[in-house]
Amino acid sequence: MKYLNNNIACGALLVLAMAGTTSCSDSFLEEDAGHKVTDLVLETSEGAEKMAAGLYANLRWHFGYEWAYGITLYGCDEFTNGADLTSECWNTYDNRLNPLDCTTAMGAANNNCPPVSGLWDEMYYGISTANLVIVRAENVADANSRNQYLGEGYFLRGYNYYRLFAQYGGVVLQNEPVVGSSVKKNYTRATEEETLNQVISDLEKAYELLPQKSPANRGTAGWTKYTAAHFLAKALLFRQSERCASWASKYDKATDLNRVMALCDEVIAARPLAADYAQLYAIWTGIDCANEQLPEILMAAQHGDNNVAGRFGNRTYNYFSPQFSNFSGGWVKRGQYIGEMDFQRCRPTEYTYSAFDNVNDARMWKTFKTVYGLNDYSNYKAGETETANGITAAQMPKIGDVGIMFILNKKDDPRFQDETTYGTYGRGAVAHNFVNPETGKWVPNVFPVYLGGKYVLNTYGVNGNPAQSNVFCGINKTADGSRTAEKGDAHRDVIMARTGETYLVKAEAQVRMGDYQGAIATVNVLRARAQWKNGEDRSYYTDGSMAFLLSSGGDVNNSTASNNSNCKDENGKTMTQTQAHNASFIRKNSYYLSTGIAETTAASNLQIASYNALPAEDEAILQQLGCSGDYDRMLNFIFNERTRELLGEWNRWEELSRAGLLVKRAKAFNPEASGITANKHELRPIPQKFIDALQNDDGTNLSDEQKRAWQNNGY
């Protein structure tokens, strides 16, 4: 029998027949949807079930390669590029970000630059499969199963259109399965209003049809009524946001925003927050572990279940870590015994560090990895190392002591106005005499955020260029110690929606309704979780590296645990992966050195009493942005809180673009985003290869004028 891959995937939109990031081969459904399905099977209840299950694999694309961060996190206020320039144009908005996919011939640093057409192509693959599921679900006799499959089809179609709308604006609406083998080439581009209304319509249907609990045949990651409610609330909020202001006045603001709040309340009631923020990301113990089943998680791209194995694995563990294997002077080496790879793609900006209350907000210390253990002694030269750095033999660290430390201090901290309090700072290849006051040992790599009231963390990089520094304090939300090869795929699911964001969607709706004190009350619930609890050890740290060993809290020992590592101990003996892990994975952070407060286990307080008295961190940010008026201040406050709660969670660009804050905040906080232009970069360019392949109804090619009419402003 003939596989329907070409009809389903390539016939849905002509670009799919010409896709660059994935090809329309006979392996499409197997690779990207998890199943090969024939004509006959598609006519059965079993076939509809297989197709519906395969919809989940479409989500895996988002986290397979560089586009994971390039199209979602770059070019904003929270992250900028490190010294690696793979996706630089997405951050700098230079002329390489244009309707053509950026290749090395066009100036890309390498062949991995995220293509402009990537999201366009992949979302339409998912839409085409969802269309087929919606049609074929009628073959399912059981009403509950039929509703589930229909709900899943409508949800994925609505979600994919949401992503297309958020990035490109109005797009092609193709809502019927393609019949036959011919490729359609005459399409009409829907308006922004039509596209967003399609999103809302699909998500409304999904909300009505999906079950309240994840069905047994989907596991705990199955889409539910509350998954749909969360994204429906986001879509309605989008309609009342700044990017839709030119046409949204025909939709009653109060009606939309009251519905947003009602949907959020429904999600909040049914899917409560995890008790501890660390459960969401820091405490990850292995494949399909207990914390991947938390009620707060509304949607995740599954990577632990072989049933959705396909072309796109989880590569996100590469993107948030500094390049420690390069700058550390050989004192800290990388391997699967550390839950991350140091590809140094996403470097936090000064804004990101400054947004946190470093004393009272536990989220900072449960997110940033501030300490790495010394795991290799190969570069130690007895006597010479001590003399070069002005330390004594007794101050020389050993395997398992601190090898890298980031000090997340505040600008006005009096201890760091010069280099007299603790000594000098630097990376492993630069002489410095900092001795950790907590241990009495020299730290081979130590970096404060501020020195003398100036932001200096970006000045310690190997190349000396603050715009391309490979030294920064990264985050731990993707760390995975279950990998069995240094560059192997990660196995942890990637959270795509959770109740923590639902609170912030509700709070923003309240701000847009003028209920500023109500918004504060909503945000205070999140901030209550973020407070240190009575008896909590503020200096404790963990991350997904723990999955490497049972003794570290993992569910099983890594299968490579007894293999030799690339590290050597003080005697020159090669260490095992287990020994390298134990040396690298220090369960401490730099909290007390960073804050300067006395050791305590008392509870902290992050509660805000009034919208007229925002925290000092927020007031400093609002002043830098030049915010005036309650609405402007409160909207930006919500986005500051999104940073603290949702840092690195794959949607910052779309959210800032939606609220009309992208250009202002990127210009204020991301020096490398110098090319960003208002009335252009709030949308992505429509892929040129799609436009060039379009034809008129009579089969003639589009004129240059017609092609320009298809393209977004400024491109």
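The values are calculated or read from the model by the stated rules, or taken from the named source; none is laboratory data. These numbers were taken from a predicted model, which means no experiment stands behind them. Note: ideal-geometry Cβ built from the backbone for every residue, glycine included; neighbour counts use all protein chains shown. These accessible areas exclude ligands, DNA and RNA; they are computed on the full protein's heavy atoms, side chains included. Shrake-Rupley method; radii C 1.70, N 1.55, O 1.52, S 1.80 Å.
Worth pointing out:
- Residue match in region 489-504 (condition: over 30 Å from ALA221 (Cα atoms), of a type outside the set (Val, Ile, Thr), assigned to a helix (DSSP H, G or I) and within 25 Å of the chain's Cα centre (by Cα)): no
- Taken over region 369-395, residues that are more than 20 Å from GLY426 (Cβ to Cβ) and in contact (Cβ under 8 Å) with a residue 24 or more places away in the chain amount to 1.
- When each of GLY500, GLY461 is tested for being out of contact with any Phe, Trp or Tyr (no Cβ under 6 Å at 6 or more places or on another chain), farther than 30 Å from ARG427 by Cα and open to solvent by less than 20 Å² (accessible area, probe 1.4 Å), the lone residue that passes is GLY500.
- If only residues of region 619-636 that are without any contact (Cβ under 8 Å) to a residue 24 or more places away in the chain and farther than 14 Å from LYS664 by Cβ are counted, the one that is nearest to the chain's Cα centre (by Cα) is GLU619.
- Filter result for ASN160 (surrounded by fewer than 24 Cβ atoms within 10 Å (Cβ to Cβ), assigned to a helix (DSSP H, G or I) and not basic (Lys, Arg)): no
- Of the listed requirements (1) at pLDDT below 95; (2) open to solvent by 40 Å² or more (accessible area, probe 1.4 Å); (3) among the small types (Gly, Ala, Ser), SER325 misses just one: (1).
- Residue check for VAL505: in contact (Cβ under 8 Å) with a residue 24 or more places away in the chain, out of contact with any Cys (no Cβ under 8 Å at 6 or more places or on another chain) and buried (at least 16 other Cβ atoms within 10 Å of the Cβ): no
- Candidates are the residues of region 56-84 that are in contact with a Ser or Thr (Cβ under 6 Å, 6 or more places away or on another chain) and assigned to a helix (DSSP H, G or I); the one that is farthest from ARG642 (Cα to Cα) is PHE63.
- Qualifying residue in region 237-253 (condition: crowded, with 16+ Cβ neighbours inside 10 Å, of a type in the set (A, V, I, L, M) and in a helix (DSSP H, G or I)): yes
- Matching residues, region 665-713, being open to solvent by 50 Å² or more (accessible area, probe 1.4 Å) and among the small types (Gly, Ala, Ser): SER674, ALA678, SER703, ALA709
- Tabulated pairs, region 57-83, first within 11 Å of ALA666 (Cα to Cα), second of a type in the set (A, V, I, L, M) and not in a helix (DSSP H, G or I), C-beta under 8 angstrom, 6+ apart or interchain: GLY75/ALA673; GLY75/ILE676; CYS76/ALA673; GLU78/LEU647; PHE79/LEU73; THR80/ALA673
- Of all residues making up region 539-569, the number that are of a type in the set (D, E, K, R), assigned to a loop (DSSP other than H, G, I, E, B) and either under 20 Å from ILE404 (Cβ atoms) or in contact with a Pro (Cβ under 9 Å, 6 or more places away or on another chain) (or both): 2
- Filtered by the rule that a residue be within 19 Å of the chain's Cα centre (by Cα) and assigned to a helix (DSSP H, G or I), region 652-695 gives ARG652, TRP653, GLU654, GLU655, LEU656, SER657, ARG658, LEU662, ARG665, ALA666, PHE669.
- Residues that are closer than 24 Å to SER482 by Cα, assigned to a loop (DSSP other than H, G, I, E, B) and touching a residue at least 60 places away in the same chain (Cβ under 8 Å), drawn from region 570-614: PHE585, ILE586, ASN589
- Residue that is least open to solvent (accessible area, probe 1.4 Å) [pool: residues in region 53-85 that are more than 17 Å from ASN160 (Cα to Cα) and among the aliphatic types (A, V, I, L, M)]: LEU73
- Taking every residue in region 396-420 that is within 9 Å of VAL449 (Cβ to Cβ) and in contact (Cβ under 8 Å) with a residue 12 or more places away in the chain and pairing it with any residue that is small (Gly, Ala, Ser) and buried (at least 24 other Cβ atoms within 10 Å of the Cβ), at least 6 positions away or on another chain, the pairs with Cβ-Cβ distances below 7 Å are PHE406/SER590; ILE407/SER590; ILE407/SER594; LEU408/SER590; LEU408/SER594; ASN409/SER594.
- Residues in region 469-493 that are out of contact with any Ser or Thr (no Cβ under 9 Å at 6 or more places or on another chain), open to solvent by 50 Å² or more (accessible area, probe 1.4 Å) and not basic (Lys, Arg) were compared, and the one that is farthest from ALA301 (Cα to Cα) is GLU486.
- In region 468-501, of all residues being hydroxyl-bearing (Ser, Thr, Tyr) and touching a Lys or Arg at 6+ places or on another chain (Cβ under 8 Å), the one that is nearest to ASP288 (Cα to Cα) corresponds to SER482.
- Taking region 568-584 as the range and being within 13 Å of GLY339 (Cα to Cα) and in contact with a Lys or Arg (Cβ under 7 Å, 6 or more places away or on another chain) as the test, no residue passes.
- Scan region 648-664 for residues that are buried (at least 24 other Cβ atoms within 10 Å of the Cβ) and closer than 22 Å to ASP357 by Cα and the total you get is 2.
- Within region 281-315, the residues that satisfy the criterion of being open to solvent by 10 Å² or more (accessible area, probe 1.4 Å), in a loop (DSSP other than H, G, I, E, B), out of contact with any Gly (no Cβ under 7 Å at 6 or more places or on another chain) and at pLDDT 95 or above are TYR281, ILE283, LEU294, PRO295.
- Hits in region 116-157 (condition: in a helix (DSSP H, G or I), among the β-branched types (Val, Ile, Thr) and open to solvent by less than 10 Å² (accessible area, probe 1.4 Å)): ILE127, THR129, VAL133
- Test: residue in region 181-188 that is of a type in the set (Phe, Trp, Tyr) and under 22 Å from GLU66 (Cα atoms): no
- Of residues in region 415-458 being hydroxyl-bearing (Ser, Thr, Tyr) and touching a strand residue (DSSP E or B) at 6+ places or on another chain (Cβ under 8 Å), the one surrounded by the fewest Cβ atoms within 10 Å (Cβ to Cβ): THR439
- Filter pass, PHE472 being touching a residue at least 24 places away in the same chain (Cβ under 8 Å), in a loop (DSSP other than H, G, I, E, B) and among the aromatic types (Phe, Trp, Tyr): yes
- Flag if GLY481 is out of contact with any helix residue (DSSP H, G or I) (no Cβ under 7 Å at 6 or more places or on another chain) and either closer than 30 Å to SER562 by Cβ or not in a strand (DSSP E or B) (or both): no
- Looking only at region 264-280, residues that are open to solvent by 40 Å² or more (accessible area, probe 1.4 Å), in a helix (DSSP H, G or I) and not small (Gly, Ala, Ser) come to 3 in all.
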